[in-house]
Amino acid sequence: MTDAPASWFGRLKAGLSRSAGALSQGLAGVFGKAQVDAATLHDLEELLIASDLGVQASARIAAKLAEKRWGAHVPAGEARTALADAIAAVLQPVELPLDITTHQPFVVLVVGVNGTGKTTTIGKLATRYRAEGRSVSLVAGDTFRAAAIEQLKAWGTRAGVPVIAREAGSDASGLVFDALTQAKAAGTEVLLVDTAGRLQNKADLMAELAKIVRVLKKVDAGAPHAVLLVLDATTGQNARSQVAAFRDLVQVTGLIMAKLDGTARGGMLIALAEEFGLPIHFIGVGEKAEDLQPFNAQAFARALVGLDA
Ligand SMILES: Nc1nc2c(ncn2[C@@H]2O[C@H](COP(=O)(O)OP(=O)(O)OP(=O)(O)O)[C@@H](O)[C@H]2O)c(=O)[nH]1
Ligand SMILES: [Mg+2]
């Protein structure tokens, strides 16, 4: 994207304003009235629901704004700020950093449906942890496609970290078993395991993922120490079924929302926070290594309603 603003916040804000149901645009109409009354708050609640926030979170946010007892016209900036604060309050509980210092090697299994941004996210995480001076290894657990292995190797080269891989078509569980054994012996601090994308309703592929987890536990009963589900922020309601399915099968411990710089449906993140309460560790706002940011509830809420950082 050549017209993308330079800062990560700018890319986030631009992405969140780009989708058809963007909240920031709809707000001008809702808060533009002379009186802020019950009807306005009803309209706001409808707008929040239409912007993918979900019925429960939308009701909670509207109720919080009703407490303001605004009488006459409220300046747009004040209304947006109050809304951002109410949204941030819903998101605050899931703003939880990923602590990779509790075990060694700390095994991160990255899962999700096809094309959400798993491999890219691993590359970004590797870059981040390397910059912190940690020893990192990547595991090319997507053994289905040669291109997937090459993609991870390219990230490994860029980040300056080794990639443990086998030829395409190999058994992913066997590779993962050897990789963790090797990482333990080498004293690696962080092991990032890539997996093939799989639809949450494909039982055989999901069973294969469960097998990867079982095999990791044979080497280290506590592994994987984090199971991160990468979601594509341009996805709508299907994200809910992705979270439910992966959570039930491989005990997802946290979420990463990628592609928030695209035509992102950011309201979804709020619905997921309300429904599942899973930590949101990072957001992706671009394709480059530096485009992974720790999730910040306040910043996200402000960008979503169209305010500046
Ligand atoms: N704009 C943008 N693009 C992203 C982001 N994260 C990933 N992508 C792009 O999305 C595409 C898919 O990313 P991958 O990392 O290959 O996704 P994946 O989940 O590993 O895909 P599979 O292995 O095929 O399931 C690539 O073109 C990435 O560059 C992001 O945060 N923003
Ligand atoms: Mg991949």
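Taking amide H as placed 1.01 Å from N in the peptide plane, Ile164 has its amide H under 5 Å from the amide H of Leu138, Val139, Ala140, each at least 5 places away in sequence or on another chain. With N the number of residues in the chain, Rg(Cα) / (2.2 N^0.38 Å) evaluates to 1.07. For the chain, adding -39500 (n - 2.57) for each run of n ≥ 4 DSSP H residues and dividing by the number of residues yields -15500 deg cm²/dmol at 222 nm. If you model segment 201-268 as an ellipsoid using its alpha carbon gyration tensor, with each semi-axis the square root of five times an eigenvalue, the axes come out at 26, 14, 9 Å, biggest first.
Helix 55-66 against the longest principal axis of the chain: what's the angle in degrees, Cα atoms only, rounded to the nearest 10? Orientation of helix 55-66: about 40 degrees from the principal axis. Over segment 170-309, Cα pairs under 8 Å with separation of 6+ residues give a relative contact order of 17 percent. Rg and Dmax of segment 131-187, based on Cα coordinates, read 11.5, 34 Å. The amide H of Phe106, built 1.01 Å from its N in the peptide plane, has Val190, Leu191 as neighbours under 5 Å, considering only residues 5 or more places off or on other chains.
Note on Ala131 and Asp171: the extension gain reaches 11.2 nm, defined as 0.36 nm multiplied by sequence separation minus the Cα-Cα distance. Between Gln35 and Glu67, the contour length at 0.36 nm per residue exceeds the alpha carbon distance by 10.0 nm. On the basis of the beta-carbon distance and an R0 of 22 Å, Asp43 and Ala89 show a calculated FRET efficiency of 0.60. Taking a point 7 Å out from the Cα of Ala28 in the direction of its Cβ, none of the residues of segment 243-284 has a backbone N less than 11 Å from it. Here segment 176-200 and segment 258-309 have alpha carbon centers that stand 27 Å from each other.
Modelled spin-label separation between Lys202 and Ala59, with each label point placed 7 Å from Cα along the Cα-to-Cβ direction: 3.8 nm. A Cβ-based charge dipole, computed about the Cα centre of the chain with Lys and Arg at +1 and Asp and Glu at -1, lands at about 340 debye. Return the FRET efficiency for the residue pair Asp99, Ala186: r is the Cβ-Cβ distance, R0 is 25 Å, and the value is rounded to the nearest 0.05. For Asp99 and Ala186, the calculated efficiency is 0.70.
FYI, it's all coordinate maths here, none of it is from the lab. Note that the coordinates shown come from a computational prediction; the quantities given were computed from them, not determined experimentally. A quick note on method: Cβ atoms are made from the backbone with ideal geometry, for glycine too, and the neighbour counts reach across all protein chains shown.
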